[in-house]
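These notes are about the structure you will find just below.
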Protein chains: 2
Amino acid sequence: MGDHDDKARAATIFDVARLAGVSHQTVSRVLNDLPNVRPATRARVEQAIKQLRYVPSPAARALVTRRTRTLGLIVTGAPDYGPSSTALYFNEAARDARYTVITASMRETDAASMRSTAELLVRQNVEAIVLIAAERAAIDALDGIELGVPVVAVASEERGALHRVWLDQYAGARLAVEHLIGLGHGEIRHIAGPSNAMDAAERVRGWAAALGEHGLPAREPLVGDWSPGSGYMHGRTLAADSEMTSVFVSNDQMALGVLHAFAEAGLSVPGDVSIVGFDDIPEAAFFAPPLTTLRQDFVGLGRDAMASVLAVLGDDDRAPAPRVPDLVVRTSTAAPSRERTAVTS
Amino acid sequence: MGDHDDKARAATIFDVARLAGVSHQTVSRVLNDLPNVRPATRARVEQAIKQLRYVPSPAARALVTRRTRTLGLIVTGAPDYGPSSTALYFNEAARDARYTVITASMRETDAASMRSTAELLVRQNVEAIVLIAAERAAIDALDGIELGVPVVAVASEERGALHRVWLDQYAGARLAVEHLIGLGHGEIRHIAGPSNAMDAAERVRGWAAALGEHGLPAREPLVGDWSPGSGYMHGRTLAADSEMTSVFVSNDQMALGVLHAFAEAGLSVPGDVSIVGFDDIPEAAFFAPPLTTLRQDFVGLGRDAMASVLAVLGDDDRAPAPRVPDLVVRTSTAAPSRERTAVTS
DNA sequence: AGAACTCGTCCGTTACAGTCC
DNA sequence: AGGACTGTAACGGACGAGTTC
């Protein structure tokens, strides 16, 4: 009895109408909170709805209203902390705004895959697409083509004509560098993220700008790939440079690799070298030593993405301003020691 | 010219039919690869489809077929490596099987939220729900109620009547402990995950079982919350115990905290104490020292979840067998040293 | 003359009968 | 007689125009 799916068709609006003794149109009015329904009638209808466990069919509704209240979300790359967090909070924000989200995760970002994925979403009649991608190319792949729906990209560089939300990587990088300068460091090296990553480029820009303003030299950045392994590799290179007193690393994972390389080389952090990371992943407070880094507001970013969608769709609000990361000072940074200190301008 | 959304309604099957000079029904046959269409007619129709950039309406189709080819995915908790990876690979597997996935991420797991989220998905007419949740309670919240659609839970404990896929945490924990026993450790402590987490309980079970089989003592596990901070806290406690020569930590993040605590206490790893983690997060190879841990096959798990959905829906296949994590030996484990070694049975 | 309903049409597809060589 | 089509009804809601009190 009532054990498995009763194959009985779900109740329709007509079933509800019959049970409540009204027309289906009246039921529709109740469903959509329209006026001109007597309270008593409304109650009867609601009772019938409950009794029949009636739920309106989104397909039928979408067919006639030509609105699906559905959004497409494309997330590219590995399930890293930043994108995963952004996606999660965007998802929550969308649900709060009573939108449904169809997610398409993909590891490749070639133009053909990006395009066919976007078209897959369009075929589902999404009203807008949100794109969370680190690589410039992923954004550009969707920029040219006419999809018929607006695209909001989470992207820290201005690119083409897409709508855009972002966290201010440039300002964050400046904060990192100014913190090190404030401690007295004169040469601040940089380990950058991959050259195709927009965040990486913005951080390089901020690092170079802050250095330039203080008349400090900017040596060619070492380019990693976000992984701890690449941080380790470049860390070994840097360890051999006795001039270096501080490093701004473009993300926390690479900073972990650098820490590892320096420990192996017998360099003390922050005694010999100071290190600043970026992201403030949950692990960062427990590195050896705890990492000074920039905390990014992914909760806010996810909400901004949804706010931007609503703005574009004309439902609500205006697009938000970018947020600046917060410097979190831990013990991986300190004033340079006398021995290794070189040019303190 | 063609600048913004042409407000022109998308083409319908009738537009295509008219252009191809056939009835809309013939177009439908072409769309659905049904027989009894002459090749020449088919070609004309396909040409018309291309020319009008026609895409069938999923809403209209769902309305009449009573199938949406849509799946609901509920992911609870923080955007951690394990659940995020599983969700990503499930998403890809679903797309490969030509299913659309509606995702609902949520941080709370109370019964009311779980239930209302599941009902939200049911209202979208999903054909099945996949649930990725660490906590027992999240599973149980969906177990009792009659949703009308099958639920596949990613859960390492058998619970209620839900369909289930999982990675074999019990076997993984045994591998960890046997590795330490093989190295000669006689007392193997355990830092567990939170008691409401199924993975944590299974790992405790495996740890205790392996210990029991070898006649070794199982001291009461310390209970953390998966965070590096809790690992650090328990690591400080363990550092004070001079009997202890090895620790099996229930995940890599907590192991990082333990490492940090031991370093502070002047304990050498693996010189004084050996440590094994669980998960093999990307950072684990770059901890100080690189962490011996158990690699989980989240790619496989995501695919298994989709395979299980197809099995339940009767489309395909049979449900898959659970996978056993792989032991990845790095340098955080070694034979116990003479000084701190106690009861080597 | 409104408030409170009812009626009829339409949305874009697929399913089920026909119809015509 | 059967391959290659065409015509007509649903599917489940929403909305504008009628109808009743």
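If you take the alpha carbon atoms of the protein assembly as shown and fit the smallest convex hull around them, that volume is 191 Å³ per residue.
When the convex hull of the Cα atoms of the range B:229-345 is projected onto a plane and the area is averaged over all directions, what value comes out in nm²? Could the numbers behind the result be given before it?
Numbers: hull surface 36.0 nm².
So the Cα hull casts an average projection of 9.0 nm².
Mean separation of Cα pairs under 8 Å and 6 or more residues apart, divided by the residue count, gives the range B:13-56 a relative contact order of 43 percent.
Using alpha-carbon pairs under 8 Å, 6+ residues apart, how would you state the relative contact order of the range B:101-151 in percent?
Working: 39 pairs, mean separation 23.2, N = 51.
The value is 46 percent.
Computed from backbone phi with θ = phi - 60° and the Karplus coefficients 6.51, -1.76 and 1.60, the 3J(HN,Hα) list for the range B:88-101 is 4, 6, 5, 4, 5, 5, 5, 5, 4, 8, 6, 10, 9, 10 Hz; x is used for glycine and proline. The alpha carbon convex hull volume per residue for the range B:241-302 rounds to 75 Å³. The long axis of helix A:169-183 is offset from the longest Cα principal axis of chain A by roughly 30 degrees.
For B:Glu213, what is the net charge nearby, where nearby means another residue's Cβ is under 12 Å from its Cβ and Lys, Arg count +1, Asp, Glu -1?
Working: positive: B:Arg174; negative: B:Glu178.
Within the 12 Å Cβ shell, the charges total 0.
Distance distribution P(r), chain B, all Cα-Cα pairs, bin width 20 angstrom from 0: 27, 41, 22, 10, 1 percent. Applying 1/(1 + (r/R0)^6) with R0 = 41 Å to the Cβ-Cβ distance of B:Lys50 and A:His214 gives a FRET efficiency near 0.10.
Using a Förster distance of 60 angstrom, determine the FRET efficiency expected from the C-beta separation of A:Glu264 and B:Asp143, and round it to 0.05.
It comes to 0.75.
Electrostatic tally near B:Thr26: other residues with Cβ closer than 11 Å to its Cβ, Lys and Arg +1, Asp and Glu -1, net +4. Taken over the range B:169-292, the ratio of Cα radius of gyration to 2.2 N^0.38 Å equals 0.93. In this structure the amide hydrogen of A:Leu71, modeled in the peptide plane, comes within under 5 Å of the amide hydrogens of A:Thr100, A:Val101, A:Ile102, A:Glu127, none closer than 5 places in sequence on its chain. Summary of the geometry: the range B:36-54 and the range B:89-144, compared by the centres of their Cα atoms, lie 39 Å apart.
Full extension of the chain between B:Gln25 and B:Ala161 yields a length gain of 44.6 nm, computed as 0.36 nm times the residue separation minus the alpha carbon distance.
Give the separation of the Cα centroids, the range A:201-275 to the range B:274-309, in Å. Cα centroid of the range A:201-275 versus Cα centroid of the range B:274-309: 28 Å apart. With a simple spin-label model that places each label point 7 Å from the Cα along the Cα-to-Cβ direction, the separation between A:Ser195 and A:Val312 comes to 3.0 nm.
At 0.36 nm per residue, minus the direct Cα-Cα distance, what do B:Val122 and B:Arg38 gain on full extension? Give it in nm, one decimal, please.
Working: separation 84, 0.36 × 84 = 30.24 nm, distance 4.08 nm.
This chain segment gains 26.2 nm when fully extended.
Spin-label model, A:Ala78/B:Asp297: points 7 Å from Cα along the beta carbon direction are separated by 2.0 nm. With R₀ fixed at 22 Å, the C-beta to C-beta distance from B:Arg66 to A:Thr65 puts the FRET efficiency at about 0.65.
Label zone (B:Val223, point 7 Å along Cα-to-C-beta; backbone nitrogen cut-off 15 Å) within the range B:172-202: B:190-202.
Ellipticity at 222 nm from helices only: DSSP H runs of n ≥ 4 in chain B, each -39500 (n - 2.57), divided by the residue count, give -13500 deg cm²/dmol.
Backbone phi angles across the range B:66-77, fed through the Karplus curve with coefficients 6.51, -1.76 and 1.60 (θ = phi - 60°), yield HN-Hα couplings of 6, 10, 9, 6, 10, 10, x, 10, 10, 10, 9, x Hz in residue order; Gly and Pro are listed as x. Mean projection of the Cα convex hull over all viewing directions, computed for the range B:71-195: 8.9 nm².
Please give the net charge around B:Val249, taking every other residue with its beta carbon less than 12 angstrom from that of B:Val249, where Lys and Arg add +1 and Asp and Glu add -1. After counting each charged neighbour, the total is 0. Listed values for the range B:34-40 are Karplus-derived 3J(HN,Hα) couplings in whole Hz (6.51 cos²θ - 1.76 cosθ + 1.60, θ = phi - 60°), namely 8, x, 6, 10, 5, x, 5, and x replaces Gly and Pro.
In percent, what relative contact order does chain B have, based on Cα pairs under 8 Å that are 6 or more apart in sequence? Don't skip to the end; give the middle numbers.
Numbers: 647 pairs, mean separation 51.3, N = 345.
With pairs under 8 Å counted, the relative contact order is 15 percent.
Read the figures in this text as sums done on the coordinates, not as results from a lab. This is a predicted model, so every value here is computed, not measured. So basically every Cβ, Gly included, is an ideal-geometry build from the backbone, and we count neighbours across all protein chains shown.
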